[in-house]
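Worksheet: the structure to be examined is printed underneath.
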Amino acid sequence: MPSRAAVILLTLAAIGSTSAPTQTRWERQVSDQLRVIATDIAAAGWRRAGDPLTGELRQGQDETLRVPLRGDVEYALVALCDEDCRDIELTVLGAGDTVLARSEGWSARPMLELRPSESGKYRVVVTMSHCSTSPCAYGVGLFQK
C-alpha cells in the first residue's frame, strides 16, 4: 500500500502535467514576436490592453475576433504570423460593418491605430493573404495609450 506522501506526490505530478498546453514551434514564434513588439512599442507609450489573440489560418482564410474596446481610448492592434507567412491583413469593423481601420499593402506585421468613439465589442477580421505552408500561426496584440 503506497504511503500518503507518495499518493500526494503522484496527484501533484498528474495535475502539473496537464496544466499548460504545449506550444508548437510556430505558436512559439508568434508569442516571441508579440513579446518583442510589446517591448518595442512601449517606448512610444503603448501598453498591453489584454492577452494576445492567437490562432491558425490557411491561405485565403479569415477569422473574426470580437474585441472589447472603450470609447475615446487610443488603441493599436498589431498582427503578425509565423515564418511561413508573408502577408496578413487586419480590418476593424464597427456597427453596420463600417470599416474603422484596415491594413494596406503587403505586410507580415501590420499595425493599426484607432480611437473608437463608443465603448463596445468590435470585430477584428484577420485575413491570411499569403501562407506558403498551411496552416500559418498568427497573433494579434492589443495595446492602448
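The values are calculated or read from the model by the stated rules, or taken from the named source; none is laboratory data. The shown structure was predicted, so the numbers you read here are calculated from the model rather than taken from an experiment. Positions of Cβ are generated from backbone atoms using ideal geometry, with glycine treated the same way; all protein chains shown enter the neighbour counts.
For the range 99-118, the tally of residues that are out of contact with any Phe, Trp or Tyr (no Cβ under 8 Å at 6 or more places or on another chain), farther than 11 Å from Leu80 by Cβ, surrounded by 13 or more Cβ atoms within 10 Å (Cβ to Cβ) and of a type outside the set (A, V, I, L, M) stands at 2.
For the range 103-128, which positions are in a loop (DSSP other than H, G, I, E, B) and farther than 23 Å from Val36 by Cα?
Arg115, Pro116, Ser117, Glu118, Ser119
Which residue is farthest from Ala95 (Cα to Cα), if the candidates are limited to the range 39-81 and must be free of Cβ contacts under 8 Å to residues at least 24 places away in the same chain and surrounded by 11 or more Cβ atoms within 10 Å (Cβ to Cβ)? Per the criteria, the residue is Asp40. Give Leu142, Leu100 a once-over and let me know the one that is farther than 29 Å from Gln23 by Cβ and either of a type in the set (Val, Ile, Thr) or not in a loop (DSSP other than H, G, I, E, B) (or both). Of the residues listed, the single one that is farther than 29 Å from Gln23 by Cβ and either of a type in the set (Val, Ile, Thr) or not in a loop (DSSP other than H, G, I, E, B) (or both) is Leu100. The set of residues in the range 71-86 that are under 20 Å from Arg25 (Cα atoms), part of a strand (DSSP E or B) and out of contact with any Pro (no Cβ under 9 Å at 6 or more places or on another chain) comprises Cys81, Cys85, Arg86.
Return the residue satisfying two criteria in turn: it lies in the range 84-120 and is basic (Lys, Arg) and at pLDDT 95 or above, and of such residues it is farthest from Arg58 (Cα to Cα). Break it down stepwise before answering.
First pass over the range 84-120, keeping only residues basic (Lys, Arg): 86, 102, 109, 115.
The next check asks that each one be at pLDDT 95 or above; those that pass are 102, 115.
Details: Arg102: 20, Arg115: 30 Å.
Selected residue: Arg115.
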